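Asker: To start, I am sharing the structure in question, which I have written as structure tokens.
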Amino acid sequence: MAISLQKLSIVIISVLVVFFPCPHFSLSKTCPSQESEALLRFKEGLNDSEGLLSSWVNGTDCCTMWDGISCNNHTNHVVSVSVNSFEGVQGLIGESLCQLRFLKSLTINRVTGTTTLPPCLGNLPYIDSLDLKSNGLSGRIPSFVCLLTSLTHLDLGSNKFNGTIPSCLKNLSSLKDLWLSDNQLSGSIPDSLANISSLRWLDLGNNHLSGSIPASLGSLPLLWDLTLMSNQLSGNIPDSLGNLSLLDGLLISNNQLTGTIPPSFAQLSSLTTLFGDGNHFNETISSSSLPASLFMLGLSLNHQQIISETFFQNLTNLKFLDLSDCVLNISTTWIPSFQLTEISLVSCKIDGEIPSWLSTQFSVVTLELVNNSLVGEIPSWLWETSYQLESLNLSRNHLEGSLFSNTSTLMQLERLDVSRNALSGNIPSISSPYIQHLLFNDNLFSGNIPPSLGRLSILEQLNLANNFLSGVIPASLSECSYLQVLNLANNNLEGSLPHEFSKLSHLYSLVVHSNNLSGSLPPSIANCSELQVLDIGNNLFGGEIPTFVGNLSNLRVLVMKENNFTGSIPSEIGQLLNLQILLLSSNHISGSIPHTITSLQAMAIESQDGFILSTSQLSYALLYQDGLDMTLKGTNQHYPYILSTLTSIDLSNNELEGEVASDFGNFKGLRLLNLSFNNLNGRIPNSLGEMSQLESLDLSTNKFSGQIPAELESLSYLGSLNLSNNNLSGSIPQGRHMTGTFGESSYSGNANLWGCPLPKNCSWPQFAPPPPFPINEGRKSNEYPWFEIAVGLSFGAAFGGIMGLILTRISWRMKYFNTIDTILKFLFPWMKDLTL
């Protein structure tokens, strides 16, 4: 039977495949065992508590079953390792990865705990992409990176690398993308980077680089994006950058650059993004230097720039404009040739009404006119033409009148800030379902808080502080289940805190101080487990301080001052390990200070990093900053924001009694301590001298007794001290700090206290203990005893001789008594008629 040519071909091919396999083809889909073992050893070096690498199981195929692993389709060698979602994972980037000889791409992000890279990574000949951002790597950029000559993408972007940029990077002739931003690199930008002619993306932002921008960078023909922002670069922008014909984005903001934008930039026909804000351009920026292709322009914080309408004559494609802190001098009749979507004109010295040229911009999404001199009412056209408006910020002006009543056109609005103006009338109802931030604080609004605000289901921040609002706090606000910040301070609100606030599980800051609120603190507040700031001061709240306060484990600021609280301070307050500010002054609190208060660990930390207490979880990455009122040096002080270094305990003006615990010195990070106007007694603990950060100490008007501890002299930061009106006795420690820094008022009202700066006994040195007699350390105390004997005998002989003369000779005796008589009559005139 004849076999067809087609069937014969199939048989021949099958035989060839079986007996002569192609060296680049494998029937197996399993990755080499030595490579899977190397990956497992890498996994063992990590603390993968979240199970991000749970698919990496011994005995399974790493090519087909392991997340983040890719293999060559023909050889099955591992060619790509990508573990880029390791938020919070700790461990080491170990040497086992060096056994992946055919690796082409390595991506490891957000692994903390490792500081260095294994040098053997430089032996991977095929690697073309190395992405190790956000791993906390430190030290210098390792030199082995320069051996990876096949690299096209290098991202060491958000680590802690320091030192200079290695000049050997010029050897990476195939490199297209170089990201070294968000490190601690210093020195100048090496000219040698210009040798990497293939570069298209160069990001060196957020470092400590200094010197000038190298003119040689203008010779990179393929450069598409150049980011040098947030460094310490100085000098002029080199003209040569105008040669970068493909340049799309130039970010040079937040440096110390001077001069102006070079005229050569006009030929950058591909440039769409130019951010030069935060520099010191001291020459006028000419409109002829700006290419018509610009889409985004930021020149804020360049104080010398005066901007008129001619500045924009070529910028017909502009969509984003930030000229904050420049001086805007634009005619009221000007009609722009562009349609902007984002406008930021903060601190531009704009006066008069809101500029009418803004009414020609129909596509605005973001408008910021903060901190100008705007007056008059908000024009109706602003609401009628801004259908796409998402963020409007008109704060810190002099606007007046009532706010809009028709909100049906603002259905896209996400943020509205009209704070710090002179707006009046009622708080308007808001209809936008997307609203997340409402800031109406520091105005003249009156009336009630509209219950309709409870319908804003995704509202995160509501600030109505410093107005003239009245009525009760509507319980409907508890329906704003995403609310993080609620500030109703300094109004005329009354009633109690709604029990329904227990639903606000995301609440971060609750501030209602300076109202007429009353009742007890509702137990439902304990359900607000995320609370970090609770300020209910200056109200009419009463009852005992509830013990559930100790369950608010995240609390950092607790202000309950100037209310009607009674009873004792609950011992549970010692459970607030994060608490840094405790203000309970001006209540009717009695009993002793609980010993558990010394367990407040946040006040025991001697050095803090000084960050501002705020929330960064709000949309737009906005930071809400809590302010605070505290009594310092007898006067009320306002802090516009709270630093982590601000630590304070104020229990003054209560009815506390008993002694202050001896371990109060544990508060080595405490800066302000006020226990005045109580009935505290006993001695002032010596341990207070260990509170090395203390700046203000007020123990006045109590019943403290005994001596002032000499250890207080060591408090070098202490700038305010009041120990007056107690029962202190003995000498004031005569150190330079205690007597030179503080005056009489710091010690007055202590009847048995003496010494400078008190006038009593200040000049009588005999009341001060005599200094110890200097003893030669090289001599024993009993050496040469005849010296002490001789001194004694000499004194005795002289005294005995004088007394012998007085007793045996009448003339000496008469002179002696006459002298005594004269002295007594001088001191006591009433004795003038007496004789001896």
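Asker: Take the conditions crowded, with 16+ Cβ neighbours inside 10 Å, in contact with an Asp or Glu (Cβ under 8 Å, 6 or more places away or on another chain) and over 23 Å from L345 (Cα atoms) and apply them to D277. Does it pass?
Answerer: Spelling it out, it is not the case that D277 is crowded, with 16+ Cβ neighbours inside 10 Å, in contact with an Asp or Glu (Cβ under 8 Å, 6 or more places away or on another chain) and over 23 Å from L345 (Cα atoms).
Asker: If you go through the stretch 391-430 one residue at a time, how many are open to solvent by 60 Å² or more (accessible area, probe 1.4 Å), over 14 Å from L464 (Cβ atoms) and part of a loop (DSSP other than H, G, I, E, B)?
Answerer: Count: 6.
Asker: Give the stretch 366-410 a look and list any residue that's at pLDDT 85 or above, over 29 Å from the mean Cα position of the chain (by Cα) and under 20 Å from I458 (Cβ atoms), or say none.
Answerer: Q388, L389
Asker: For the stretch 308-346, enumerate the residues that are outside any loop (DSSP other than H, G, I, E, B) and free of Cβ contacts under 8 Å to residues at least 40 places away in the same chain.
Answerer: E309, T310, F311, F312, F320, L321, V327, L328, E342, I343
Asker: Taking only the stretch 686-730 into account, find how many residues are part of a loop (DSSP other than H, G, I, E, B), open to solvent by less than 60 Å² (accessible area, probe 1.4 Å) and more than 20 Å from S748 (Cα to Cα). Walk me through it before giving the result.
Answerer: Step one: of the stretch 686-730, the residues part of a loop (DSSP other than H, G, I, E, B) are 691-695, 699-702, 707-709, 715-719, 723-726.
If we keep only those that are open to solvent by less than 60 Å² (accessible area, probe 1.4 Å) too, we end up with 691-694, 699-702, 708-709, 715, 718-719, 723-724, 726.
Okay, now just the ones that are also more than 20 Å from S748 (Cα to Cα), so 691-694, 715.
The qualifying residues number 5.
Asker: Can you tell me which condition L555 does not meet? The list is (1) open to solvent by 50 Å² or more (accessible area, probe 1.4 Å); (2) part of a loop (DSSP other than H, G, I, E, B); (3) under 30 Å from S457 (Cβ atoms), and all the others hold.
Answerer: Only one criterion is unmet by L555, namely (1).
Asker: Using the structure shown, decide if V485 is open to solvent by 50 Å² or more (accessible area, probe 1.4 Å) and touching an Asp or Glu at 6+ places or on another chain (Cβ under 8 Å).
Answerer: Considered against the rule, which asks whether it is open to solvent by 50 Å² or more (accessible area, probe 1.4 Å) and touching an Asp or Glu at 6+ places or on another chain (Cβ under 8 Å), V485 comes out as no.
Asker: Which residue pairs have Cβ atoms closer than 6 Å, lie 6 or more positions apart in sequence or on different chains, and pair a first residue in the stretch 150-178 that is on the phi > 0 side of the Ramachandran plot with a second residue that is small (G, A, S)?
Answerer: Once the first residue is on the phi > 0 side of the Ramachandran plot and sits in the stretch 150-178, its partners that are small (G, A, S) give S158/S134.
Asker: On to the next question. Checking T332 against (1) within 29 Å of T227 (Cβ to Cβ); (2) open to solvent by 40 Å² or more (accessible area, probe 1.4 Å), only one condition comes out false. Which one?
Answerer: For T332, the exception is condition (1).
Asker: On to the next question. Return the residues of the stretch 575-605 that are open to solvent by 10 Å² or more (accessible area, probe 1.4 Å) and not polar (S, T, N, Q); say none if nothing qualifies.
Answerer: L577, H588, G591, I593, P594, H595, A602, A604, I605
Asker: Same structure again: Select, from S181, S219, the only residue that is among the hydroxyl-bearing types (S, T, Y) and touching a strand residue (DSSP E or B) at 6+ places or on another chain (Cβ under 6 Å). Don't jump to the end; show me each part of the working.
Answerer: Numbers: S219 fails: touching a strand residue (DSSP E or B) at 6+ places or on another chain (Cβ under 6 Å).
Criteria check complete, one pass: S181.
Asker: Between residues in the stretch 347-367 that are open to solvent by 20 Å² or more (accessible area, probe 1.4 Å) and residues that are of a type in the set (D, E, K, R) and not in a loop (DSSP other than H, G, I, E, B), which pairs lie under 8 Å by C-beta distance while being six or more apart or on different chains?
Answerer: V365/E342; T366/E342
Asker: Now for a separate question. Looking at the stretch 282-296, is at least one residue open to solvent by less than 70 Å² (accessible area, probe 1.4 Å), within 17 Å of M229 (Cβ to Cβ), in a loop (DSSP other than H, G, I, E, B) and of a type in the set (S, T, N, Q)?
Answerer: Scanning the stretch 282-296, I find no residue that is open to solvent by less than 70 Å² (accessible area, probe 1.4 Å), within 17 Å of M229 (Cβ to Cβ), in a loop (DSSP other than H, G, I, E, B) and of a type in the set (S, T, N, Q), so the answer is no.
Asker: Next up: Restricting attention to the stretch 608-626, does a residue exist that is out of contact with any strand residue (DSSP E or B) (no Cβ under 9 Å at 6 or more places or on another chain), part of a strand (DSSP E or B) and modelled with pLDDT under 80?
Answerer: The answer is no, given that none of the residues of the stretch 608-626 is out of contact with any strand residue (DSSP E or B) (no Cβ under 9 Å at 6 or more places or on another chain), part of a strand (DSSP E or B) and modelled with pLDDT under 80.
Asker: Moving on to the next point. Among the residues of the stretch 431-459, which ones are open to solvent by 10 Å² or more (accessible area, probe 1.4 Å) and more than 24 Å from G495 (Cα to Cα)?
Answerer: Answer for the stretch 431-459, where residues must be open to solvent by 10 Å² or more (accessible area, probe 1.4 Å) and more than 24 Å from G495 (Cα to Cα): S431, P433, Y434, Q436, S457, I458.
Asker: Quick one: how many residues across the stretch 123-132 are within 28 Å of the chain's Cα centre (by Cα) and part of a helix (DSSP H, G or I)?
Answerer: Number of matching residues: 0.
Asker: Go over the candidates L178, L199 one by one and state the one that is assigned to a strand (DSSP E or B), closer than 25 Å to F275 by Cα and not polar (S, T, N, Q).
Answerer: L178
Asker: Can you pull out the residues in the stretch 734-756 that are polar (S, T, N, Q) and either surrounded by fewer than 19 Cβ atoms within 10 Å (Cβ to Cβ) or in a helix (DSSP H, G or I) (or both)?
Answerer: Q734, T739, T741, S745, S746, S748, N752 - these are the residues of the stretch 734-756 that are polar (S, T, N, Q) and either surrounded by fewer than 19 Cβ atoms within 10 Å (Cβ to Cβ) or in a helix (DSSP H, G or I) (or both).
Asker: Among S590, S586, S524, S599, which is the only one that is among the polar types (S, T, N, Q) and under 20 Å from E500 (Cα atoms)?
Answerer: S524
Asker: So E655 passes all but one of these: (1) at pLDDT 95 or above; (2) under 23 Å from G743 (Cα atoms); (3) surrounded by fewer than 21 Cβ atoms within 10 Å (Cβ to Cβ). Which condition number does it fail?
Answerer: All conditions pass for E655, except number (2).
Asker: Further question: Out of I165, I213, report the one residue that is in a loop (DSSP other than H, G, I, E, B), under 34 Å from the mean Cα position of the chain (by Cα) and under 18 Å from S143 (Cα atoms).
Answerer: After ruling out the rest, the residue left standing is I165.
Asker: Considering only residues that are of a type outside the set (A, V, I, L, M, F, W, C), at pLDDT below 85, closer than 23 Å to T112 by Cα and open to solvent by less than 70 Å² (accessible area, probe 1.4 Å), which ones fall in the stretch 1-60?
Answerer: D48, G51, listed by residue number.
Asker: Determine which single condition V327 fails, assuming it passes every other condition in (1) modelled with pLDDT under 90; (2) within 22 Å of S230 (Cβ to Cβ); (3) among the hydrophobic types (A, V, I, L, M, F, W, C); (4) touching a strand residue (DSSP E or B) at 6+ places or on another chain (Cβ under 9 Å).
Answerer: V327 satisfies all of (1) modelled with pLDDT under 90; (2) within 22 Å of S230 (Cβ to Cβ); (3) among the hydrophobic types (A, V, I, L, M, F, W, C); (4) touching a strand residue (DSSP E or B) at 6+ places or on another chain (Cβ under 9 Å) except (2).
Asker: Could we say that N491 is touching a residue at least 24 places away in the same chain (Cβ under 8 Å) and open to solvent by 60 Å² or more (accessible area, probe 1.4 Å) here?
Answerer: Taking the combined requirement at face value, the residue does not satisfy it.
Asker: Residue under question is G157, and the condition is that it be more than 29 Å from L100 (Cβ to Cβ), crowded, with 17+ Cβ neighbours inside 10 Å and among the small types (G, A, S); does it hold?
Answerer: Here the answer is no, as G157 does not meet what is asked.
Asker: Name the residues in the stretch 586-607 that are more than 19 Å from N654 (Cβ to Cβ) and assigned to a helix (DSSP H, G or I), would you? Break it down stepwise before answering.
Answerer: Looking only at the stretch 586-607, we keep the residues that are more than 19 Å from N654 (Cβ to Cβ), and these are 599, 601-607.
Result: S599, Q601, A602, M603.
Asker: Given the options D239, D248, D225, name the one that is touching a Leu at 6+ places or on another chain (Cβ under 9 Å), among the charged types (D, E, K, R), open to solvent by 30 Å² or more (accessible area, probe 1.4 Å) and modelled with pLDDT of 95 or more. It would help to see each step written out before you state the result.
Answerer: Values: D239 fails: touching a Leu at 6+ places or on another chain (Cβ under 9 Å); D225 fails: open to solvent by 30 Å² or more (accessible area, probe 1.4 Å).
Sole residue among the options that is touching a Leu at 6+ places or on another chain (Cβ under 9 Å), among the charged types (D, E, K, R), open to solvent by 30 Å² or more (accessible area, probe 1.4 Å) and modelled with pLDDT of 95 or more: D248.
Asker: For the stretch 431-454, what are the residues that are assigned to a loop (DSSP other than H, G, I, E, B) and over 24 Å from N372 (Cα atoms)?
Answerer: S431, S432, P433, Y434, I435, Q436, I449, P450
Asker: Of the conditions (1) in contact (Cβ under 8 Å) with a residue 40 or more places away in the chain; (2) polar (S, T, N, Q); (3) under 21 Å from S337 (Cα atoms), T227 fails just one. Which one is it?
Answerer: T227 satisfies all of (1) in contact (Cβ under 8 Å) with a residue 40 or more places away in the chain; (2) polar (S, T, N, Q); (3) under 21 Å from S337 (Cα atoms) except (3).
Asker: Name the pairs whose Cβ atoms lie under 7 Å apart, with the first residue in the stretch 495-509 and of a type in the set (D, E, K, R), the second modelled with pLDDT of 90 or more, and 6 or more positions between them or separate chains?
Answerer: E500/A475; E500/S478; K503/S478; K503/S481
The values are calculated or read from the model by the stated rules, or taken from the named source; none is laboratory data. Remember, predicted model here, so these are calculated numbers, not experimental data. In this analysis, Cβ positions are derived from the backbone assuming ideal geometry, glycine residues included, and neighbour counts consider all displayed protein chains. Surface accessibility is based on the protein's heavy atoms, side chains included, excluding ligands, DNA and RNA. Shrake-Rupley method; radii C 1.70, N 1.55, O 1.52, S 1.80 Å.
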